[in-house]
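Chemist: For reference, the structure I am asking about is given below.
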Amino acid sequence: MRQSTDGVIVLRVSVNGESRSAEVSPGVSLLTALREQFGLPGAKNACEQGECGSCTVYLDGDPVCSCLVAAAQAEGRQVRTVEGLAGAGGPAAQDAVQRAFLACGAVQCGFCTPGLVVAVHDLVHRTAENHSEDLDDATIREALAGNLCRCTGYEKIIEAVRQAAADVRSEHRSQRPGQVAA
Amino acid sequence: MIEGPAAGIGDSPPRPDGIPKVRGEFAYASDLSAPGMLHGATVRSPHPRALIKDIDVGPALAVPGVRAVLTHDDVPGTKYYGLISQDCPVLAVGEVRYHGEPVAIVAADDLAAAQRAAKAVVVDYEILDPVTDARAALFDPLCPKVHPGGNVVRHQPVRRGRPGDADIRALADVTVTREYQVGMQDQAFLGPEAGLAVPTANGGVELHVATQWLHADLEQIAPCLGLAPELVQMTLAGVGGAFGGREDLSMQIHAALLALRTGRPVKMAYNRRESFFGHVHRHPAVMRYTHGAKRDGTLVFVTAEILLDGGAYASTTEAVVGNAASLGVGPYEVEHLAIDAYGAYTNNPPCGAMRGFGAVQACFAYESQMDALAAELGMDPLEIRARNAVKQGSVTATGQVIEAAAPLAEMLSELRAMPLPPQRSARDLLPGGYGNTTHGEGVRRGVGYGVGIKNICYSEGFDDYSTARVTLSAENGEPVALVHTAAAEVGQGLVTLQGQIARTELGVGRVTVGRADTTVGSAGSSSASRQSYMTGGAVKAACEAVRERVFDLAREAGFPVGPGSRLEGGKIVSASGEPLADLSRVLGATTIEQTREYRHRPTGLLDKLTGQGSSHVQFAFAAHRAVVDVDVELGLIRVVRLDVVQDVGRILHRQSLEGQIQGGTAQGLGLAVLEEIVTVDGTVRNPSFTDYLIPTILDMPPMGMRILEYPDPAAPYGLRGAGEPPTLSSTPAIAAAVRDATGLALTRVPIRPEHIALAGLALTGTADD
């Protein structure tokens, strides 16, 4: 990381698998850097104090509230945002979690959706990797307690988590045909 | 693009904005930008009431990067606006009336500079004692006037029968009198207020904003800018939730003023703190009710005084009072009643529309009263409700006949039949969540009920129309429809529904719903649970007009199109379903475009003295049962289950409908146990999501749901507006369940831990029955 004479920092970070760099003011959050400098407005700024989870992104594989991470803290690290989940495949491509949110009606205004999609992506992949067979209601609720939604009352989000978990579990199984889930 | 037959009315096709929303690519108002754009910031009053002696913008203009600093002196047109009365200044004129009122606005090259400049504006205030008590504001002759015309925004009496007469009162075997309070709830939509104003070459301005009603915005904005309405072009930006909080203007005029002054695009985006000051809230209420009933539970008389604190500016207080007054006894038959609903001006934060709109506050009070009566009489809470419930043909408090179905009796028995959750077990989460504070020794379970009645569409004579333009043409041998309205998609799924209607009416697979803007006539507001009814009705009417033109074309071409013909699967088919002509072939190179305005039946005014009148279009009903666990020692509440029964006339899109019912129920839970904007002497103390708590996924219980379909013949497809009713009844159901668990009176929502824990000391040692 370099700091120029006017106090601006040159930030280098891997975003959705691409090496990116941008000049940011010190003290700017990762959320602001993503939205303003890297042209990735998917992470949302609903509270900017870590209460709502709308800005959730992966930082080195862990979900974080990007509003609480200084952009400079992401120097040299891997950031993955909601825009990076579906991968290549065109403008309508969707990851299993995104598909489940749509299929289950878990999206209304959608402002919480990007953060929830990342948080659920983390939950279902962790569960599948640990070969856990089932996500019970309490586990889902505890895992998502940091993501506020004002529209849905969460019922359809829970349905979406279950569907995504099932889809991701079968993806994991088909990727490892010799293994049996515990 | 959604295609195929399974995408019409009654199906649940995916929402067309869904893919960009899950991919993080949907452009919300706060995501917009334009080349050369400036950033705006707002200077807000730190005082709830003060005179402005002087404003010095000099230090702000000296901040590097600042392009404009404006005060009320710079408002070129009308300096006041408002949805009903134009009493709200664009920027404070000589006086501030609430904490957070906009005083000056700034535009600068970047947001940081704009914020620095906003801080640099020097405002010399002479602080005055704020008026913060609605009762004093309304009735104390010594109370200062918040506005020159006095502090009463509206007083609406409703009178039927002889509730004050001794012979009537003597018919009541029991009488209960209680005073209830409802705290100030916030819509707390997740996408804060934001928008982009772009000056146009003709001296006008283009606004991209998140709003609930583009045309009402335009009608308020243009006069303040001193511009002809045609010089203001409005386009809907992505809306991150609304719930009433985007009915009033926020940054619209400010951004436009800055854009016109600087000649550059200006973006204004509030953060969460500013959002709490940037929109009106739900009216806090103080309500004194007396109910008299016979031994068998039959209501004899009801009297009610409902005080609604409208805060500093009128917003929609007038209409909120009309709702509270006309729906003040709930979905019950009452022969003798006297209701007085008041809306007050105070120096508290301005209040206006929030989901449920005046009906929410009254519902908490009248449902609590029904429970109080049941307790006095030793009756089952569902039985006393069923005994008094309105039905088709009943007369409301204002003398209006309920013409459509009102299946309250069935709803209540459905609710009773829904299975209760099993008794609490050691594995269940304790109230208070994962905090290791107790082992649940003081936890009691309670069950409670709530029923509500909500008016659908705008009431009291308002010309509440919606406009739709539908275009049909053939592209590459395939019929294609375009639907264009100004209706605001705020998350509820209206864009999906417009497509479903076009597919059903025109029998085509490919339908595009155009972006909402003001190049088409008004659609009215995404409020009052009215858009399926009104814009749905307009799209249906425009499609029917298009269909008639198609039939004309077909007849001209010699096809035998007779009565009862319809469009289906890209064909004109006869009444018996026999294909008559291919739609694309009939259309050829012709494009058919039809625009229609749709109106519901006219409504009447409420008499100023008696409140009598048929003021509502349609009534909708929901009923909830809540099961709660309460730690009576710690005062902590966990809602274990919320079951709901709602009549919706006809299901148009089951998945969206369920989402509305679940989401509305959640907001009712928030009001019951969590949500309140706390003010001290008119100053807001909790403008953040750290201090203003909305329900998390851990606060929400599983919800059972039964949806009834008793069609309303007057409404498109028989539908009944559905978004608001569940917000009414979930609050009193939860409060009743907490009362059941604690034995406390609990006359105020939100119920706070201290309301239970401190009162609950007396409970220590009682048997866990």
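The values are calculated or read from the model by the stated rules, or taken from the named source; none is laboratory data. It should be emphasised that the depicted structure is a prediction, and the values quoted were computed from it without experimental measurement. All Cβ positions, glycine included, derive from the backbone under ideal geometry; neighbour counts span all protein chains shown. Each accessible area value is taken on the protein alone, full model and side chains, heavy atoms only, with ligands, DNA and RNA left out. Shrake-Rupley method; radii C 1.70, N 1.55, O 1.52, S 1.80 Å.
Chemist: So, with a 1.4 angstrom probe, what is the percent of accessible area on region B:559-714 that is carbon and sulfur? Provide the component values of the computation, followed by the final result.
Modeler: Details: 3020 of 5880 Å².
Heavy-atom surface of region B:559-714 belonging to carbon and sulfur, 1.4 Å probe: 51 percent.
Chemist: Show me B:679-689, A:152-162 ranked by packing, highest mean number of other Cβ atoms within 10 Å first. If you can, show how the numbers build up before the last one.
Modeler: Values: B:679-689: 17.5, A:152-162: 24.9.
Descending mean neighbour count gives A:152-162, B:679-689.
Chemist: Kirkwood Rh and Cα-based Rg: tell me the resulting Rg over Rh for chain B, rounded to two decimals.
Modeler: Details: Rg = 27.0 Å, Rh = 27.4 Å.
Reported Rg/Rh, Kirkwood definition of Rh: 0.99.
Chemist: Take every DSSP beta bridge with both residues inside chain B and express the antiparallel ones as a percent of the total, to the nearest 5. Provide the component values of the computation, followed by the final result.
Modeler: Details: 105 of 136 bridges.
Percentage antiparallel, nearest 5: 75.
Chemist: For the pair A:Ser174/B:Ile707, report the inter-label distance in nm, with labels modelled 7 Å from Cα in the Cβ direction.
Modeler: Taking the simple label geometry, A:Ser174 and B:Ile707 are separated by 3.1 nm.
Chemist: Counting only residues 5 or more places away or on other chains, whose amide H sits under 5 Å from the amide H of B:Leu693 once H atoms are built in the peptide plane?
Modeler: B:Glu676
Chemist: Considering the dipole of the protein assembly as shown built from charges on the beta carbon (Lys and Arg +1, Asp and Glu -1) around the Cα centre, which of B:Leu609, A:Val28, A:Gly153 is farthest to its positive end?
Modeler: Final value for the positive-end residue is A:Gly153.
Chemist: Zone of B:Glu376 (label point 7 Å along Cα→Cβ, backbone N under 14 Å): which residues in region B:155-195?
Modeler: Hits in region B:155-195 for B:Glu376 at 14 Å: B:169-179.
Chemist: Related question: Leaving out ligands, DNA and RNA but keeping every protein chain, what accessible area does B:Lys294 have, in Å² rounded to the nearest 10, with a 1.4 Å probe?
Modeler: 80
Chemist: Now for a different question. What value, in deg cm²/dmol to 500, does the helix sum -39500 (n - 2.57) over DSSP H runs of n ≥ 4 give at 222 nm once divided by the residues of chain B?
Modeler: Working: 18 runs with 193 residues, N = 769.
My calculation for chain B gives -7500 deg cm²/dmol from helical runs alone.
Chemist: On full extension of the chain, what length is gained from B:Leu758 through B:Thr175, given 0.36 nm per residue of separation minus the C-alpha to C-alpha distance?
Modeler: 207.1 nm
Chemist: Determine the dipole magnitude for region A:90-175: charges of +1 sit on the beta-carbon of Lys and Arg, -1 on that of Asp and Glu, nothing else is charged, the reference point is the Cα centre, and the result goes in debye to the nearest 20.
Modeler: Numbers: 8 positive and 12 negative charges, 54 e Å.
It works out to roughly 260 debye.
Chemist: Can you tell me the accessible area per residue over region A:90-175, all protein chains present, probe 1.4 angstrom, in square angstrom?
Modeler: Numbers: 2810 Å² over 86 residues.
I get 33 Å² per residue for this part.
Chemist: Also: Give me, ordered by chain and number, the residues 5 or more places off A:Ala86 or on other chains with an amide H under 5 Å from its own placed amide H.
Modeler: Correct list: A:Asp95.
Chemist: Normalised by the number of residues in chain B, what is the relative contact order in percent for Cα pairs under 8 Å and 6+ residues apart?
Modeler: It comes to 16 percent, rounded to a whole number.
Chemist: Taking a point 7 angstrom from the Cα of B:Ala136 along the C-beta vector, which residues in region B:85-112 have backbone N less than 20 Å away?
Modeler: The answer is B:96-100, whose backbone nitrogens lie closer than 20 Å to the label point.
Chemist: Now for a separate question. Among B:His624, B:Asn202, B:Leu415, which residue has its Cα furthest toward the positive end of the charge dipole of chain B, with +1 on Lys/Arg Cβ and -1 on Asp/Glu Cβ?
Modeler: Final value for the positive-end residue is B:Leu415.
Chemist: Another question about this same structure. Can you tell me the dipole magnitude for the protein assembly as shown around its Cα centre, using point charges on the Cβ only (Lys, Arg +1; Asp, Glu -1), in Debye to the nearest 20?
Modeler: Working: 82 positive and 107 negative charges, 137 e Å.
Taking the Cα centre of the protein assembly as shown as origin, the dipole is about 660 debye.
Chemist: Further question: I want to check the label-to-label distance for B:Glu383 and B:Ile84. Put each point 7 Å from Cα in the C-beta direction and report it in nm to one decimal.
Modeler: Inter-label distance under the simple model: 4.1 nm.
Chemist: Once each part is reduced to its C-alpha centroid, what is the distance from region B:91-126 to region B:354-406 in angstrom?
Modeler: Each part's Cα centre sits 47 Å from the other's.
Chemist: With charges set only on the Cβ (+1 for Lys and Arg, -1 for Asp and Glu), what does the dipole of region B:197-338 come to about its Cα centre, in debye to the nearest 20?
Modeler: Values: 10 positive and 13 negative charges, 114 e Å.
Roughly 540 debye, rounded to the nearest 20.
Chemist: Run the numbers for B:Val678 and B:Thr438: contour at 0.36 nm per residue of separation, minus the present Cα-Cα distance, in nm.
Modeler: Numbers: separation 240, 0.36 × 240 = 86.40 nm, distance 2.87 nm.
Result for the pair: 83.5 nm of gain on full extension.
Chemist: Using just the Cα positions, wrap region A:90-175 in a convex hull and report its mean projected area in square nanometres, one decimal place. Before the final figure, lay out the partial values.
Modeler: Values: hull surface 22.6 nm².
So the Cα hull casts an average projection of 5.7 nm².
Chemist: Right, something else. At a temperature of 20 °C and a viscosity of 1.002 mPa s, determine how fast chain A diffuses translationally according to Stokes-Einstein, using the Kirkwood radius over alpha-carbon pairs as Rh; express D in µm²/s, rounded to the nearest whole number.
Modeler: Values: Rh = 17.1 Å.
Roughly 125 µm²/s, to the nearest whole number.
Chemist: Accessible area of region A:2-84 with a 1.4 Å probe: how many percent of it is carbon plus sulfur?
Modeler: On the way: 1450 of 3580 Å².
Carbon and sulfur together cover 41 percent of it.
Chemist: Just to be sure I understand: if you take the accessible area of chain A alone plus chain B alone and subtract the pair, with a 1.4 Å probe, what total do you get in Å², rounded to 100? Walk me through the intermediate numbers first.
Modeler: Working: alone 9390 and 28310 Å², together 33710 Å².
Interface between A and B: roughly 4000 Å².
Chemist: Here's a follow-up. What is the calculated FRET efficiency for A:Ser14 to B:Asp296, with r their C-beta to C-beta distance and R₀ = 51 Å, to the nearest 0.05? Walk me through the numbers before you get to the answer.
Modeler: Numbers: r = 74 Å, r/R0 = 1.45.
After rounding to 0.05, the efficiency reads 0.10.
Chemist: Any chance you could check the Cα centroid distance between region B:698-740 and region A:90-119 for me, in angstrom?
Modeler: Comparing the Cα centres of region B:698-740 and region A:90-119, I get a distance of 26 Å.
Chemist: Just report the Cα centroid separation between region B:549-569 and region B:609-639, whole Å.
Modeler: Each part reduced to its Cα centre gives a spacing of 50 Å.
Chemist: Express the relative contact order of chain A as a whole percentage, based on alpha carbon pairs under 8 Å and six or more residues apart in sequence. Don't skip to the answer; put the middle values down first.
Modeler: Values: 309 pairs, mean separation 37.0, N = 182.
Across chain A, relative contact order equals 20 percent.
Chemist: Per 10 Å bin from zero, what fraction in whole % of the C-alpha pairs of the protein assembly as shown is there, up to the bin with the longest pair?
Modeler: That works out to 2, 11, 20, 24, 22, 13, 5, 1, 0, in percent per bin.
Chemist: Something else about it: Taking the solvent-accessible surface of protein heavy atoms with a 1.4 Å probe, what is the per residue accessible area of region B:95-185 in Å²?
Modeler: Values: 4270 Å² over 91 residues.
Dividing the accessible area of region B:95-185 by its residue count gives 47 Å².
Chemist: What longest range of chain B stays clear of loop-exposed GluC sites (Glu not before Pro) (DSSP non-H/G/I/E/B, at most 14 other C-beta within 10 angstrom)?
Modeler: Values: sites that count: B:Glu3, B:Glu441, B:Glu709.
Segment B:4-440 is the longest.
Chemist: For region A:30-95, restrict the atom set to alpha-carbon positions and state the Rg and Dmax in Å.
Modeler: 11.8, 34
Chemist: If a paramagnetic tag sat 7 Å from the Cα of B:Thr591 along the Cα-Cβ line, which residues of region B:536-563 would have the backbone N under 18 Å from that point?
Modeler: The answer is B:543, B:546-547, B:549-550.
Chemist: Lys/Arg Cβ at +1, Asp/Glu Cβ at -1, dipole of chain B taken about the Cα centre: which of B:His653, B:His336, B:Ser85 is farthest positive-ward?
Modeler: Of B:His653, B:His336, B:Ser85, it is B:His653.
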